[in-house]
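We did not get these values from a lab; they are worked out from the coordinates using the rules stated. Keep in mind that what you see is a predicted model, and the values were worked out from it rather than measured. Here the Cβ is made from the backbone with ideal geometry for all residues, glycine too, and neighbour counts use every protein chain on show.
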Amino acid sequence: MMIEIIKCHGTGNDFVLIDEISHDYGFTEEQRIAIAREVCDRKGPIGADGILFVLPSEWADGRMRIFNADGSEPEMCGNGLRCVGRYVIEVVGKDVVEIETMKAGYVVRKADEIYQGIATIQITIETVSFDMDTLPMNGSGKEHLFQKIEELSKTLDFSALSISNPHVVSIVNDIDEEELRIVGEKANTTKTVFPRGVNVNFVKILDDQSIYVKTYERGVGLTQSCGTGMTASSIIVCRKDEKRLGSEIHIFNDGGMIKCIVSRDETGKYKVEFIGNASYIYKGKIAFDLDGQQPYQVVEKDMYEKEIQDYDAFLDYARSVLA
């Protein structure tokens, strides 16, 4: 089968986008898993953190399904949603769209450029819950905030929350990638605590406006960036220091930078405006054998050279801030 694709990324978190609104490929669930595992394999011709399937929705402008590199399907992906949002905005010719995900709908809109030449998308996130049952997470009490999880670490404090998908956040003095990897693996193999696994985020406070986040993503491992991980981290930082509520927070990661504005209403409900790039790398076609007899091949590739150059300049800027 010939499949049209767009290789894209949100702050370095890269995906292969497949349009099932314009094309009725008729994938089975088993085929979606097979496509994800094979196309995302970094040893192959493409490689990615996940596959974004863009489908019709009965009530929204489009529906996103994301499959991780291991074939698992998470509930939500913020970086992926920005890419899908941009694509649907361009297809339907509107500045504001609503995208359906596994558990919720999200309003997605064009935003002012985060940096010159960067396609920028804003998502309103209201699916924030501190209820441990929503992750799910097993433990005493209703919430777990700034406390230890002995099964993961004897020294670190963690806060748990869901943004449709599950997260734990630890604010640290310095980010140790090997420690994050160890904690992330424990969190996703200790089913007595996290029956469905969890994303693990380490956060370093840079200044009153900026933080740095590194994520071990469930089903992926260490990533350059995780959109909902950065969102979860900004919420926990604001819960720790409420003076940050309502102010723009710059969230740096290995793949660039996004902005979040966290607010809380009189009922205690949190909302986040999540703003960042949705960049295209190339569009093309792959020949994929749905029967699994032959490896897939890239048969066409058209690079988005200007977008790549603009993002490289933005990345240089972000790294200069961290230097």
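Between residue 263 and residue 291, the C-beta separation translates, for a Förster distance of 51 Å, into a calculated FRET efficiency of about 0.50. Note on the chain: GNM, Cα springs under 10 Å; of 211, 66, 149, the largest mean-square fluctuation is that of 149.
The Rg/Rh ratio of the range 67-188, with both radii computed over alpha carbons and Rh defined as the Kirkwood radius, is 1.04.
In this Cβ point-charge picture (+1 for Lys and Arg, -1 for Asp and Glu), the range 1-74 has a dipole of about 260 debye about its Cα centre.
Residues 76, 64, ranked from the fewest to the most other C-beta atoms within 10 Å, line up as 76, 64. Cross-link partners of residue 94 among lysines, defined as those whose alpha carbon lies under 24 angstrom from its own and excluding same-chain residues fewer than eight positions apart: 7, 103, 110, 259, 271, 283, 306.
With angles folded into 0 to 90 degrees, how steeply does helix 78-92 sit against the dominant principal axis of the chain? Use alpha carbons for both and round to 10. Value to nearest ten degrees: 40.
Magnitude of the Cβ-charge dipole of the range 128-268, K/R +1 and D/E -1, about the Cα centre, nearest 20 debye? Could the numbers behind the result be given before it?
Values: 16 positive and 21 negative charges, 52 e Å.
Magnitude of the dipole: close to 240 debye.
Dipole size of the chain about its Cα centre, with +1 on Lys/Arg Cβ and -1 on Asp/Glu Cβ: approximately 520 debye, rounded to the nearest 20. What shape does the range 255-301 take by its C-alpha gyration tensor, where a ≥ b ≥ c are the square roots of the eigenvalues and a/c under 1.5 counts as rounded, a/b above b/c as prolate, and the rest as oblate? It comes out prolate by the Cα gyration axes. Annotation: amide H-H contacts under 5 Å for residue 149 (H modelled 1.01 Å from N, sequence separation of 5 or more, or interchain): 158.
For the chain, adding -39500 (n - 2.57) for each run of n ≥ 4 DSSP H residues and dividing by the number of residues yields -7000 deg cm²/dmol at 222 nm. Against the chain, whose longest principal axis is taken from its Cα atoms, helix 29-40 shows a tilt of about 80°. A simple packing score, the average count of other Cβ atoms within 10 Å per residue, orders the peptides 30-43, 131-144, 246-259 as 246-259, 30-43, 131-144, with the highest score first. Bridgeable lysines around residue 191 (alpha carbons under 20 Å apart, same-chain partners fewer than 8 residues away excluded): 142, 148, 154. Across the range 20-93, the convex hull enclosing all Cα atoms gives 101 Å³ per residue. By the count of neighbouring beta-carbon atoms within 10 Å, fewest first, 305, 73, 185 end up ordered 305, 185, 73. GNM remark for the chain: springs join alpha carbons under 10 Å apart, and the peak mean-square fluctuation among 122, 147, 293 falls on 293.
Of 215, 124, 189, the residue with the greatest mean-square motion in the GNM of the chain, using alpha carbon springs below 10 Å, is 189.
I'd like the FRET efficiency for residue 151 and residue 205, computed as 1/(1 + (r/R0)^6) with the beta carbon distance as r and R0 of 22 Å, rounded to 0.05. Walk me through the intermediate numbers first.
Values: r = 26 Å, r/R0 = 1.17.
E(calc), rounded to 0.05, equals 0.30.
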